[in-house]
Amino acid sequence: MKKSPSAWIHSTSIRRSSLLKLSLLALLSSLVGLRVVRAEGSVGAPTDLVVSAKLVEIPTKFPPDDLYDYAYVMRYQVIGGAMDGQFILVAHYKPRQPRAKIADAMKAHVGGKLRSFKTGDTHKLQLSSNLKSIWKGALVDEFAATDRKSIRYWALSVDPA
């Protein structure tokens, strides 16, 4: 049985409406799970947060800095606070360079006193969950093959703890 044009338009708009509702529901449910404690201690939308965390995994050697600009994802375990014990993935811009020596266009988004990254060290991290709005370049993420759901935080500042 062939549908009339008005019935077809009506069923199409119902499908679009249902898809939109499902998308909004998924977005809202994910936002509820992403509530983050800000540095000031208030609870709100995921923006910046400060944590102390142990660097537990640097999956491969860092690429040379002279090939291209990149950010490299490492795994940390949070120590203390509301996220105590949780594992997080953190992207660092050009990890071969001391944070204070970053002098290019990313200087506004990279800071701290850390000189080098070593597994087992504890860092005080200021993080942003808005990685994609801060970094548009190459992202070396060895965890992407096994973990596509976890947030990749951008390290705004890294200090030894």
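Can you name every residue in the stretch 61-80 that is farther than 16 Å from L139 by Cα and either within 19 Å of the chain's Cα centre (by Cα) or not assigned by TED's automatic domain parsing to the domain that holds L114 (or both)? Give the derivation first.
Our first condition is that a residue be farther than 16 Å from L139 by Cα; within the stretch 61-80, this holds for 76-80.
Of everything in the stretch 61-80, those that are farther than 16 Å from L139 by Cα and either within 19 Å of the chain's Cα centre (by Cα) or not assigned by TED's automatic domain parsing to the domain that holds L114 (or both) turn out to be Y76, Q77, V78, I79.
I'm checking my understanding of the structure. Among residues of the stretch 103-123 that are farther than 14 Å from A91 by Cα and either acidic (D, E) or within 17 Å of the chain's Cα centre (by Cα) (or both), which one is modelled with the lowest pLDDT?
Step one: of the stretch 103-123, the residues farther than 14 Å from A91 by Cα are 103-105, 107-108, 112-116, 118-122.
Imposing the further condition that a residue be either acidic (D, E) or within 17 Å of the chain's Cα centre (by Cα) (or both) reduces the set to 104, 121.
Details: D104: 93, D121: 98.
Top of the filtered list is D104.
Specify which of the listed residues (L89, L49) is farther than 22 Å from A144 by Cα, assigned by TED's automatic domain parsing to the domain that holds T122 and touching a Lys or Arg at 6+ places or on another chain (Cβ under 7 Å).
Working: L89 fails: farther than 22 Å from A144 by Cα.
One residue alone meets the criteria, L49.
The values are calculated or read from the model by the stated rules, or taken from the named source; none is laboratory data. These numbers come from a predicted model, not from an experiment. All Cβ positions, even for glycine, are placed from backbone atoms using ideal geometry, and neighbour counts span all protein chains on display.
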